[in-house]
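Visitor: Below is one structure. I have some questions about it.
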Amino acid sequence: MIDKYIKENANDVVHHLEYNAERPHLIIPEYGRHLQKLIDQATLLPDREERNKAAKYIIQVMGSLNPHLRDVPDFQHKLWDQIFIMSDFKLDVDSPYPIPTRDVINLKPERLEYPQKNPKYRFYGNNIKYMIDVANSWEEGEMKNALVKVIANHMKKSFLSWNKDTVTDMVIFEHLYELSGGKLNLLQSTEELLTTNDLMRTNKKTSNKNMPAQNGKSKNKNGKKPFNKNNNNQK
C-alpha cells in the first residue's frame, strides 16, 4: 500500500524556509517578490529572442497592476525604465525607448537657491521691496507718484494686519524712506494715506431677517404668503 502522505523531517522543512532578512533587496517593492524573480530569470536567459519575449510579458504583467494607465504612452516608457532598474541594469533586450543608465537614474538635481533676503520689516514682505525697487527705477512723473502712493497705502495695510493698533502716516513715510535708500521721500509731502477704517473694512453679509419686506408683506421661500391662523372670528 502506497502511503498517501509522506512524513517529512521537521528540521528539513525549517531549513528550506525563506526569511525576508535573507532574501535579496527589492529595488521597487511595490511590484512584489514574484515579479522581481521573473525579471531575474529573464536576465539569465541565454537567447536574446527569449529575453525579448519574457521582457514583453513582464511589461504586460506590470501594466495589469495599473490597468487604467496601461495604454498610456508615457506610462509604457515608465514601465520599461522600471524593468531595467529592477534588473540592476543587467537586462539586455530590445527596448522601444532609450535604455536608462545607472548614472542618469542616480543623477541628483541641482540645488535651488531660496531667496532668503531677511528684510528688516518682515510684515511688509519681499514684494513691497521689489515694488520699491521698481519705483526707484522709474523717471519722475505722475506715474511714479501714483505708484509710490499705492506702495505707501499697501505698506500701511500690511502694518495694520500685523499690528492691530492704528499707525500714523509719518511712520509709513519713514519706513518707505528707509527701504528705498532715501530715494522715495514723502516726509515733507502733504499727501494723506487712506484711513484705518478704509483699509481694514470688511464686507459684512446682511441677513435676510434684516432685509425689509417687499410692499410690507412677508413671503416664504416659495413666494407665497404665510398662513396665519386667526381663532377670533370677526363678524
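Visitor: In segment 150-180, what residues are among the polar types (S, T, N, Q) and open to solvent by less than 30 Å² (accessible area, probe 1.4 Å)? I'd like the intermediate steps shown before the answer.
Guide: Looking only at segment 150-180, we keep the residues that are among the polar types (S, T, N, Q), and these are 153, 158, 161, 163, 166, 168, 180.
Of everything in segment 150-180, those that are among the polar types (S, T, N, Q) and open to solvent by less than 30 Å² (accessible area, probe 1.4 Å) turn out to be N153, S158, S180.
Visitor: Examine segment 48-65 for a residue that is among the aliphatic types (A, V, I, L, M), modelled with pLDDT of 90 or more, touching a Pro at 6+ places or on another chain (Cβ under 9 Å) and not in a loop (DSSP other than H, G, I, E, B), and state whether such a residue exists.
Guide: No, there is no match, as no residue in segment 48-65 is among the aliphatic types (A, V, I, L, M), modelled with pLDDT of 90 or more, touching a Pro at 6+ places or on another chain (Cβ under 9 Å) and not in a loop (DSSP other than H, G, I, E, B).
Visitor: Report, by residue number, each residue of segment 66-113 that is in a helix (DSSP H, G or I), closer than 20 Å to L38 by Cα and of a type in the set (K, R).
Guide: Hit for segment 66-113 is K78, nothing else.
Visitor: Moving on. Taking segment 187-199 on its own, how many of its residues are of a type in the set (A, V, I, L, M, F, W, C) and open to solvent by 30 Å² or more (accessible area, probe 1.4 Å)?
Guide: As a first pass, look at segment 187-199 and keep what is of a type in the set (A, V, I, L, M, F, W, C): 187, 193-194, 199.
When the remaining residues are screened for being open to solvent by 30 Å² or more (accessible area, probe 1.4 Å), the result is 187, 194.
Number satisfying all stated conditions: 2.
Visitor: Here is a list of conditions, (1) more than 22 Å from S64 (Cα to Cα); (2) aliphatic (A, V, I, L, M); (3) in contact with a Ser or Thr (Cβ under 8 Å, 6 or more places away or on another chain), and L112 meets all of them except one; can you say which number that is?
Guide: Just one mismatch for L112, condition (3).
Visitor: Which of the residues that make up segment 130-149 are open to solvent by 80 Å² or more (accessible area, probe 1.4 Å) and in a helix (DSSP H, G or I)? Break it down stepwise before answering.
Guide: First, the residues of segment 130-149 that are open to solvent by 80 Å² or more (accessible area, probe 1.4 Å): 130, 137-140, 142-143, 145, 149.
Once the filter is applied, which keeps residues that are open to solvent by 80 Å² or more (accessible area, probe 1.4 Å) and in a helix (DSSP H, G or I), segment 130-149 yields Y130, S137, E142, M143, N145, K149.
Visitor: Given the structure, is K183 modelled with pLDDT of 85 or more, open to solvent by 70 Å² or more (accessible area, probe 1.4 Å), out of contact with any His (no Cβ under 7 Å at 6 or more places or on another chain) and not β-branched (V, I, T)?
Guide: On the way: modelled with pLDDT of 85 or more: yes; open to solvent by 70 Å² or more (accessible area, probe 1.4 Å): yes; out of contact with any His (no Cβ under 7 Å at 6 or more places or on another chain): yes; not β-branched (V, I, T): yes.
For K183, the condition - modelled with pLDDT of 85 or more, open to solvent by 70 Å² or more (accessible area, probe 1.4 Å), out of contact with any His (no Cβ under 7 Å at 6 or more places or on another chain) and not β-branched (V, I, T) - is met.
The values are calculated or read from the model by the stated rules, or taken from the named source; none is laboratory data. Please read all numbers here as calculations on a predicted model, not as lab measurements. Glycine also receives a Cβ, built like all others from the backbone with ideal geometry; neighbour counts cover every protein chain displayed. These accessible areas exclude ligands, DNA and RNA; they are computed on the full protein's heavy atoms, side chains included. Shrake-Rupley method; radii C 1.70, N 1.55, O 1.52, S 1.80 Å.
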